[in-house]
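Reading through the structure tokens given below for one structure.
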Amino acid sequence: ASCSAASLRLGEPLAGTAPLAARWLAIEQPGPWGARALTESHFPPELGRALTHKADAAGVRIALIRRPGHHAEHDPRAPRRVFLADTRPGRGALWSWSTSDPATLLDLDFDVPGKPLHDGGPLLLICTNGKRDTCCAISGRALAGWLAQDEATDTGAIWEADHLGGHRFAPTAVVLPTGYVYGRLDGPAARAILRDAAAGRVGGPLCRGRSTWSRPGQAADLALRDELQEYGPDKVAVLSELRLSPVPDGPSRRYEVLLAVGGDRFRAVLAESAAAEARPESCGKAFGNPLELRLVTLEKES
């Protein structure tokens, strides 16, 4: 948890740090995971490579998932849960099914999956892969375990996930099907985020952004939501993004993001620059100066 504490102490903003993915494919894989879990676990490695190629070509992010708790050996022929989420506004959906043969996923049509819609609530996938990052193993697994024992939490919605990025913000998690990613979580905060997601609310101070959007789009989306106190998942749309010319003695990169809320249009300008103080980019890793996005202006267009 020291990385998260360091990033908080140094004032590193969460907004605009979510991984990029308009769609997610989450595949249950019990047992231990390596740093690259899809090819370094009990999931068939050749299948993992082929599935990665298929998903990358379609802009789909794959996450291996497992239930919180001990990760013992398992029967490779046992049924495993699979979830496919489309996070795009107006197209948001979550499908779920079980399969005893993960090779069938190579035939999956990501656009028309032909699978049943998930009949439960939203999912919370918590990054816990210790081979990828120690902070995720320590704080992520502790969070998943706490939620699994919490009587006020829908434990069927809680899954461990192999890699979400942004380890210095651990514990970090993604909510499906909206694709909103959160960091610096504790048990009560994660419980509240899952409860809010079930009630159709997203965002808030621990939100890193919606994976649907680019990183400037994520930061602009959250800034506008905060300004308008608008928390409906599809109420804010990112229309376009433009990289602006740098200004003298200013940040190296600036972005203009156009957004819509109903019939209203808004223009956000964001600056991107390296963090002034070095910090570990990941738990136990070398210090660096990660890029930070900060809001410059936010205006309603006439």
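The values are calculated or read from the model by the stated rules, or taken from the named source; none is laboratory data. Computed from a predicted model, the values in this text were never measured in an experiment. Cβ atoms come from the backbone with ideal geometry, glycine included; neighbour counts cover every protein chain shown. Accessible surface is based on the protein model in full, side chains and every heavy atom, while ligands, DNA and RNA are left aside. Shrake-Rupley method; radii C 1.70, N 1.55, O 1.52, S 1.80 Å.
Structure values in brief
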| read-out | value |
| --- | --- |
| Residues (surrounded by 17 or more Cβ atoms within 10 Å (Cβ to Cβ) and not polar (S, T, N, Q)) located in the stretch 146-157 | W146, L147, D154, A157 |
| Extreme residue, surrounded by the fewest Cβ atoms within 10 Å (Cβ to Cβ), among residues of the stretch 166-208 that are of a type in the set (G, A, S) and in contact with a Lys or Arg (Cβ under 9 Å, 6 or more places away or on another chain) | G204 |
| Output for the stretch 34-60, where each listed residue is charged (D, E, K, R) and either at pLDDT below 90 or open to solvent by 60 Å² or more (accessible area, probe 1.4 Å) (or both) | R36, E40, E46, R49, D56 |
| Sole residue being within 21 Å of A157 (Cβ to Cβ) and touching a helix residue (DSSP H, G or I) at 6+ places or on another chain (Cβ under 6 Å), chosen from P68, P113 | P68 |
| Which numbered condition P246 fails, given (1) part of a loop (DSSP other than H, G, I, E, B); (2) under 20 Å from the mean Cα position of the chain (by Cα); (3) of a type outside the set (S, T, N, Q) | (2) |
| Single residue of the stretch 131-145 satisfying the filter (open to solvent by 40 Å² or more (accessible area, probe 1.4 Å) and in a loop (DSSP other than H, G, I, E, B)) that is farthest from L185 (Cα to Cα) | K131 |
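Residue-wise test of (1) in a strand (DSSP E or B); (2) under 19 Å from the mean Cα position of the chain (by Cα); (3) on the phi < 0 side of the Ramachandran plot.
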position: A26; (1), (2), (3): yes, yes, yes
position: P30; (1), (2), (3): no, no, yes
position: R36; (1), (2), (3): no, yes, yes
position: H53; (1), (2), (3): no, no, yes
position: A57; (1), (2), (3): no, no, yes
